[in-house]
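Note sheet for the following structure.
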Amino acid sequence: MKQGRGRGQDQSGDSERQQRGATVIDVAARAGVSAMTVSRVINGQGRVKAETREAVERAIAELAYVPNVAARSLVRSTELRIGVVYSNPSATFMSDFLTGVYEEASARGARLILVKGEGGQPPSEESLRELVRSGVLGVLVTPPLGESPRVLRILGEAGLPIAAVGAYGTTGVIRVRIDDRKAACEITRLLIGLGHRRIGFVLGNPDQSASAERMAGFHDAVREVEGVETMVVAGDYRYESGLVAGEQLLGSDNPPTAIFASNDEMAAAVVSVAHRRQLHVPDELTVVGFDDTTAAVMLWPPLTTVHQPVHRLAKEALGLLVRKIASGADGAAEGRDVILDHEIVVRQSSAPPSGGSARG
C-alpha cells in the first residue's frame, strides 16, 4: 500500500525530478518512510528493519538518486521540521500546550507541521502518512494520541522518533508526564482533610491511561480514612461531559459535599451546574479540578486544582525530541520516561463542609 501510493504520486512528477535530480525527500516519499530513515540507510547508521532497508534501496535505484555530501548530514542539511499530532478535547489544555511548543520550536529554529484529529480521535491514516512524506524528522504527540496504536504504528513504521506527553506504557517513545496517581491522591487528601466524607469523582477520557491513574489516586486517598462515601460518574475531559456529570452528582438523593473533576474544564462545568442549582461554592459545595489551565482562574470562584505544568511538559518533550534527532538515534530505540513535578494549588473553590449535604 505504501509503495503503491508513493509510485503513483512520483510518476506524475518524473519529468520535474529528472530536471532537478531526486532528493532525500523524494526517496522517502517513494519508500513510504521518513527522511531520517533514508539517511540512516545511506550512512549505514542506526537500526533499520531489513524490509525497510530494501524499500529504501529500491526507491534509490528507481529514482537514480545520488547521495551528496549535504545529504550525509541530514540534520544539518535539512530544515528541522517537527510534526505535532494532536486531538485533545480540552481547548484550554491545548492552548497552554501549543504555546509551550511554539516557544521551544522558535528557540531551536524548528518548523512545526500540525496535524489535527477531531473529538479526541486520531487523524486519518492518510493524514499521518502525508506527514511522514512531508519530511519531518520527528513527531510530538499530545494526549490521548500518545497511546493510540494506529498513530504509533504508522509513525513507528516510518522510523520517526516520537515524543508523547501524558502517555503511559508505550515502548520506543519519549514520554513526558507528571505522576497523575500521586497528584490525584494528594488533592483527594486535601478534601478529606477539610472534613468532607461524601465526595464525588468525575472520570476523564476512558481511553487515556492518565484517567485511570487519577481515579486510582482518588481511591488510594479514600481508603486511608474510614467512613468516606464516594460517587464516581463518567466524563471525557470535555466541558459538556462535566455538565452531565454535575447534574448526576448534584441531582442524586444524597449529593456529595465535594466534587473532584479529572480536569479543570469539567470542574468549571460542575461549578456552573452548582450555580444553576443556587448552590454557593464553596460554602455549600467544594469543587476541585486538575491541570491548572486558564479555565481554573477564568470563573468564580477560581478553582483549587492540581498544577500540571502543561507549558513546561510541551517544551521538555520537544527539547528531548530535537536532541534525539540530532543524536541520530534510531526512532524505534528504547524510549524514556520523564516525570515532572506537580503542585496542589489552593484557591477559593474549596472549604470545609457546611454541616448539611449539598442541596439537590
Legend entry - P(r) weight above 19 Å for the range 160-280, C-alpha pairs, percent: 49
Legend entry - Stretchable slack from Leu340 to Ser272, in nm (0.36 nm times residue separation minus alpha-carbon distance): 21.3 nm
Legend entry - Arg108 paired with Arg58, simple spin-label distance in nm, labels 7 Å along Cα-to-beta-carbon: 3.4
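To make sure I understand, if each residue's beta carbon is the centre and we count other beta carbons within 10 Å, what order do Ser34, Ser354, Ser87 fall in, fewest to most? Let's see the in-between values first.
Working: Ser34 30, Ser354 14, Ser87 21.
Exposure proxy ranking, most exposed first: Ser354, Ser87, Ser34.
Local charge sum around Glu343 (other residues, Cβ-Cβ under 11 Å, Lys/Arg +1, Asp/Glu -1)?
On the way: positive: none; negative: Glu186, Asp292, Asp341.
Result for the local shell: -3.
Within 11 Å, Cβ to Cβ, of Gly100, how many net charges do the neighbouring residues add up to if Lys/Arg are +1 and Asp/Glu are -1?
Details: positive: Arg312, Lys315; negative: Asp96, Glu103, Glu104, Glu316.
Summing Lys/Arg as +1 and Asp/Glu as -1 gives -2.
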Legend entry - Neighbourhood net charge (12 Å Cβ-Cβ; Lys/Arg +1, Asp/Glu -1) for Ala261: -2
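Work out, step by step, the length gained on full extension between Arg153 and Ile25: first 0.36 nm times the residue separation, then minus their alpha carbon distance; give nm to one decimal. It would help to have the intermediate numbers written out before the result.
Details: separation 128, 0.36 × 128 = 46.08 nm, distance 2.08 nm.
This chain segment gains 44.0 nm when fully extended.
Read-outs throughout are calculated quantities, based only on the coordinates presented, and are distinct from any laboratory measurement. All figures in this text were calculated on a predicted structure; none of them were measured in a lab. When we count neighbours, we look across all protein chains shown, and the Cβ atoms used for this are built from the backbone with ideal geometry, even at glycine.
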